[in-house]
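Here is the structure we will look at.
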Amino acid sequence: MRIYFCGSIRGGRQDVSVYQRLVRKLQTYGTVLTEHVSDGQLSDTGEDASLKGDKFIHDRDVDWLSSTDVVVAEVTQPSLGVGYELGRAVAMKKRILCLFRPSSGRTLSAMIRGAQDELFLVRDYEEDEAENVLEEFFKNLQRT
Ligand SMILES: O=c1[nH]c(=O)n([C@H]2C[C@H](O)[C@@H](COP(=O)(O)O)O2)cc1CO
């Protein structure tokens, strides 16, 4: 199974420890194409754009998105890049899980919460439920 994980990079790295927890669990289900999103060394300047270039990053990520089986996004920390990835993934008819922590005190964008349908699921959770929420999602995926 190919899994595309979305999390904020230039939008702010406050939640990187949550991303690490989610990616560790996701790796028990398959290959996480975007493992670097959970890298504790990666700052909010992002991958080294002077080496790779933003166009390289964009085109590589869109290719990964088209080849993925499922998209899992942690959407608590708002990120333009994550919003863009989700929009592209919807257009590609990918199966999507968005994870939001209400305890952050934020209100999730209507363009994410309101996008829910049979392929696009938004799940509110607490950090200590991270593994259980993924277990539930992948168990239901096997049934479909
Ligand atoms: O260096 C990067 N590498 C990369 O893969 N991304 C992708 C993956 C993340 O899910 C998303 C983060 O977007 P943003 O940087 O706007 O928060 O974009 C984004 C950046 C920097 O914008």
Quiz item: Within the range 118-137, is there a residue that is of a type in the set (A, V, I, L, M) and within 16 Å of the ligand (Cβ to nearest atom)?
Solution: no
Quiz item: Looking at the range 75-87, is at least one residue of a type in the set (V, I, T) and in a strand (DSSP E or B)?
Solution: no
Practice problem: Quickly run through the range 95-117 and pick out the residues that are within 16 Å of the ligand (Cβ to nearest atom), in a loop (DSSP other than H, G, I, E, B) and open to solvent by 30 Å² or more (accessible area, probe 1.4 Å). | Solution: R106, S109
Quiz item: Can you find a residue in the range 21-34 that is open to solvent by less than 20 Å² (accessible area, probe 1.4 Å), farther than 17 Å from L134 by Cα and either modelled with pLDDT under 95 or of a type in the set (A, V, I, L, M, F, W, C) (or both)?
Solution: no
Quiz item: Which one is nearest to Y19 (Cα to Cα) among residues in the range 41-93 that are among the acidic types (D, E) and at pLDDT 95 or above?
Solution: E74
Quiz item: Which is of a type outside the set (S, T, N, Q), closer than 20 Å to Y84 by Cα and either part of a helix (DSSP H, G or I) or touching a Pro at 6+ places or on another chain (Cβ under 9 Å) (or both), of V37, V18?
Solution: V37
Quiz item: How many of the residues making up the range 1-20 are buried (at least 16 other Cβ atoms within 10 Å of the Cβ) and at positive phi?
Solution: 0
Practice problem: Could you check how many residues of the range 44-65 are exposed (fewer than 12 other Cβ atoms within 10 Å of the Cβ) and more than 10 Å from the ligand (Cβ to nearest atom)? | Solution: 5
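The values are calculated or read from the model by the stated rules, or taken from the named source; none is laboratory data. A quick note: this is a predicted structure, and the numbers were derived from the prediction, not measured. Every residue, glycine as well, gets a Cβ built from its backbone with ideal geometry; the counts of neighbours run over all protein chains shown. Just the protein is used for accessible areas: all its heavy atoms, side chains included, with ligands, DNA and RNA removed. Shrake-Rupley method; radii C 1.70, N 1.55, O 1.52, S 1.80 Å.
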